[in-house]
1. Need the list of lysines near B:K352 for cross-linking: C-alpha distance under 18 angstrom, and skip anything on the same chain fewer than eight residues off.
2. How large is Rg/Rh for the protein assembly as shown, to two decimals, with Cα atoms and a Kirkwood Rh?
3. Accessible area drop of at least 50 Å² (1.4 Å probe, protein heavy atoms): which residues of the stretch B:67-112 qualify, relative to the chain alone?
4. List the residues of the stretch A:118-144 whose accessible area drops by at least 20 Å² when all protein chains are present, compared with their chain alone, using a 1.4 Å probe and counting only protein heavy atoms.
5. Cross-link candidates for A:K32: which lysines have Cα within less than 20 Å, leaving aside residues fewer than 8 places away along the same chain?
6. Collect residues whose amide H, placed 1.01 Å from N in the peptide plane, falls under 5 Å from the amide H of B:R269; neighbours closer than 5 in sequence don't count.
7. Quick one: dipole size for the stretch A:38-228, taken about the Cα centre, charges +1 on Lys/Arg Cβ and -1 on Asp/Glu Cβ, in debye to the nearest 20.
8. For chain B, modelled as a Gaussian network with Cα springs under 10 Å, which listed residue fluctuates most, B:V26, B:V371, B:V252?
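The values are calculated or read from the model by the stated rules, or taken from the named source; none is laboratory data. Note that this is a predicted model, so its numbers are computed, not measured. Every residue, glycine as well, gets a Cβ built from its backbone with ideal geometry; the counts of neighbours run over all protein chains shown. Note: accessible area is taken over every heavy atom of the protein model, side chains too, but ligands, DNA and RNA are not part of it. Shrake-Rupley method; radii C 1.70, N 1.55, O 1.52, S 1.80 Å.
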Amino acid sequence: MLPLLAQVKITDRNGAGQNCVQQDGFCPGWIKDHIGDYVDPLVRHLELTVVSVVAGFLIAFALAMLAHRRRWLVAPITGATGVMYTIPSLALFGILLPITGFGFVTGCIALTAYNLLVIFRNIMAGLDNVPEAAKDAATGMGMTPNQVLRQVELPLAIPEIVAGVRVATTTTVGLAALAFIAGAGGLGEPLIVNQNFKSNVVTVGVLCVLLAAVLDLLLLLAERLALPWRRVAR
Amino acid sequence: MDPDTAQAEGPSANRQAATLELRNIVKRYPGSDEPAIADLSLEVAAGEICVLVGPSGCGKTTAMRLVNRMIEPTSGDILVNGASIIDRKPSELRREIGYAIQQIGLFPHQTIAENIATVPALLGWDKRRIAERVDELMDLIGLEKAMAKRYPGQLSGGQRQRVGVARALAADPPLMLMDEPFGAIDPINRERLQNEFLRLQGEIRKTIVFVTHDIDEAIKMGDRIAILRKGGVLAQYATPAELLMAPADEFVEDFVGADRALKRLALQRVRDIDLWEAPTVRVGDPVSEARARAAATPIGHALLVDEDNRPVSWLGDGDLIGERVVHHAGGLTKVELDDVLRDALADLLQGKVMYGVVTDHGGRVAGVLSVEVISGFLNHQVAGRIDQAPAPAERLA
């Protein structure tokens, strides 16, 4: 792993506030000068998160659709995605490396695996919470099972589904900080190279928090725009 | 789109109501020895409200849900307009049958207009026709147009219930299924909705299967009532009057209730019972003749009327003096031919009078209603028009 770490360029400690930097302190001046070095890892971090959440959502959604009509599938799917969720990330990267090799794809696969459980469970909970009367009325008025699903059940499950995606997104932003181990980059890379340098650690930390917060807000905003009926007095 | 077609969908030019027949329906659930419905046969004439009523577990909701195949019968046949529905595609069949349930089941994520448009949209109506129909229905159920853009969460319980009925009516189905459609609201609003619905039914004349556990609602809403007992056995299928006059057995009698005599009062109108002839006199009539008329009735008074035969005043002994009848001003209690007997009796009691003058639409005298007549009616001594199925005397004691 050493050759990888050597490529990281944020080891340059020259510049303003020399003293502060020598003592691994928190140096706003240094951060200001070097913030540009964090853009690429940040973008990569964002890519990892978005790709993993989208892939996790698509797979979990497909699984939920299968399990919705075949209830016996719920337990095995919950079990299998639950196992994935409990494997320590380091171990999962270790398992994947010989198969998929070093790089972005490996990182995404691991992060996607972590998303499945929470998104799957929330989709199922959302579908289960649709009022029985709405489903009965829909069927009784002549909707086919697919029409009931598309026109009634899924729209009404959106709040829970979005909640699941939001949790998954926030979690993924955090977990993606470990993706550098699989060679996928992200904000974990600059962090690990200089983990004693406070300026570096704080910068990475703040960027992670900001990324998580911005993505969460975007999802919340999208939900509000998409669901006018949730805004009215109930 | 052809404007004539749109016209034909309007409530004023509704589709022909359908007939419904259940033939020897049996419904068994696996793992249960007792059938939910045992050999139920029932015919509903076009344009009639058939109320299914009975204690919980009697299979009334099951019986209703068989009609649109929400539940499949174990055996037996169901015919709509004489054609079996058993081989129809369920989703297509259901689009032709209005469906309203107690929990209403409005879609909270859709506006009122979208909710009402559910079946027309499934049937593929174009946008303009749907919009016109929604407008028409909002009118019919007495909701302002502005409500159409709101969501169910913004409406009161009564308004939601109305929307549920409008949604069931949207594609102008010839047959409607209603499972306790007014069950979830307070008694005052429920009464209002019932009245509104009966008025509406007077215009649209649908064939309706109406489920309730409330015998009073059944008597009020039903043209015919099917009383079911546990296990889906039909105890009696009759008009409300027949049910009250001649309960088929003890179960029906108990279910209808000890106060069924009073219920009958709510069911019959003044015009339905034999009234006394009014001893009418006019200004200028000879007093002797007026006295003779008054004496000929149990009332003992003559009734002064004007030229148009409208009642003016009762004339007692003290008023009938001199040669000719002269004008008198006076108060009297009037009831109308179309009043229900319960209300008429209330009017008499309130006016503390024994006799009420019955008037027709034009306010002209049609007869005299007395407390005696009503009590005689209750005791079945006075035969009204309702006793097509006279009961054994001991039942009516």
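1. B:K334
2. Ratio of gyration radius to Kirkwood radius for the protein assembly as shown: 1.23.
3. Going by heavy-atom accessible area, the residues of the stretch B:67-112 that drop by at least 50 Å² are B:R94, B:Y99, B:F107, B:P108, B:H109.
4. When all protein chains are present, A:A133, A:A134, A:D136, A:A137, A:T139, A:G140, A:M141, A:G142, A:M143, A:T144 each give up 20 Å² or more of accessible surface.
5. Partners found: A:K9, A:K198.
6. Amide H neighbours of B:R269: B:L341.
7. Details: 10 positive and 10 negative charges, 41 e Å.
Dipole magnitude for the stretch A:38-228 comes out near 200 debye.
8. Result: B:V371 has the largest fluctuation of those listed.
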